[in-house]
Amino acid sequence: MNIITTIARVLLGLIFVVFGLNFWFNFIAMPQAPAGSPPALFFAAIYPTGFLAVVKVIEVVGGALLLSGRFATLGLTLVGPVVGAIVVNALKSWATRAYPDLWLFFLGGMFIIVVLFLPGGIVSIPVRIKTWWARRAAANAATSAPVAP
């Protein structure tokens with residue numbers, strides 16, 4: 001399990017460092033959004049404010065902390081809200097296309113489910129899976145143990 005955690009940490013760190021640095025150095029070409037489209041309007045509004053530069057600094061610093069391994073918890077604290085925003089916006093985009101009249105209910109339901117069933121946030125999912133797996137293995141070991149005559 002430790003090797004899986006290390007691989008996930010390094011991959012997530014690389015993703016954030018590479019795409020964060022791409023904001024300044026443009027080594028990966030980004031396609032231009034069509035003029036007047038929602039993405040084009042969004043970026044036209046956010047670029048002049050400098051907010052995106054702050055987000056990219058947080059991404060690069062968080063990714064570097066994840067890659068270091070020593071400060072992985074701090075790195076996850078920095079990139080966690082970015083990942084959450086990406087997930088929520090992806091679900092919102094999907095829901096607005098799939099259910100144009102009901103997407104607000106879908107999004108609200110998602111937030112309620114996360115708050116009720118994942119009070120530790122999405123980050124607590126691996127810990128819950130590990131705990132469940134350990135309980136399952138202990139239950140299987142207890143049922144498969146030979147009974148003394």
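The values are calculated or read from the model by the stated rules, or taken from the named source; none is laboratory data. In this text the structure is predicted, and so the values were computed from the model without any measurement. With ideal geometry, Cβ positions are generated from the backbone for all residues, glycine too; neighbour counts draw on all protein chains shown.
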* Asked: Would you call Leu21 without any contact (Cβ under 8 Å) to a residue 40 or more places away in the chain and surrounded by 13 or more Cβ atoms within 10 Å (Cβ to Cβ)?
  -> yes
* Asked: Within region 87-108, restricting attention to residues that are surrounded by 11 or more Cβ atoms within 10 Å (Cβ to Cβ) and of a type in the set (Gly, Ala, Ser), which residue is farthest from Ala64 (Cα to Cα)?
  -> Ala95
* Asked: Given the residues Gly84, Gly13, Gly69, which is the only one that is within 29 Å of Trp133 (Cα to Cα) and loosely packed, with under 13 Cβ neighbours inside 10 Å?
  -> Gly69
* To do: List every residue pair whose Cβ atoms lie under 6 Å apart, where the two residues are 6 or more positions apart in sequence or sit on different chains, the first residue falls within region 73-86 and is under 13 Å from Gly20 (Cβ atoms), and the second residue, located anywhere, is surrounded by 14 or more Cβ atoms within 10 Å (Cβ to Cβ) and of a type in the set (Phe, Trp, Tyr).
  => Val79/Phe16
* Asked: Does region 47-61 contain any residue that is part of a helix (DSSP H, G or I), modelled with pLDDT under 90 and of a type in the set (Val, Ile, Thr)?
  -> no
* How many residues are more than 17 Å from Ile86 (Cβ to Cβ), at pLDDT 90 or above and either touching a Phe, Trp or Tyr at 6+ places or on another chain (Cβ under 7 Å) or assigned to a helix (DSSP H, G or I) (or both) if we restrict to region 7-44? -> 6
* **Tabulated pairs, region 92-117, first aromatic (Phe, Trp, Tyr), second not in a loop (DSSP other than H, G, I, E, B), C-beta under 8 angstrom, 6+ apart or interchain** => Tyr99/Phe106; Trp103/Lys92; Trp103/Ala95; Trp103/Thr96; Phe106/Leu91; Phe106/Ala95
* Which of the residues belonging to region 42-98 are charged (D, E, K, R) and more than 25 Å from Gly120 (Cβ to Cβ)? -> Lys56, Arg97
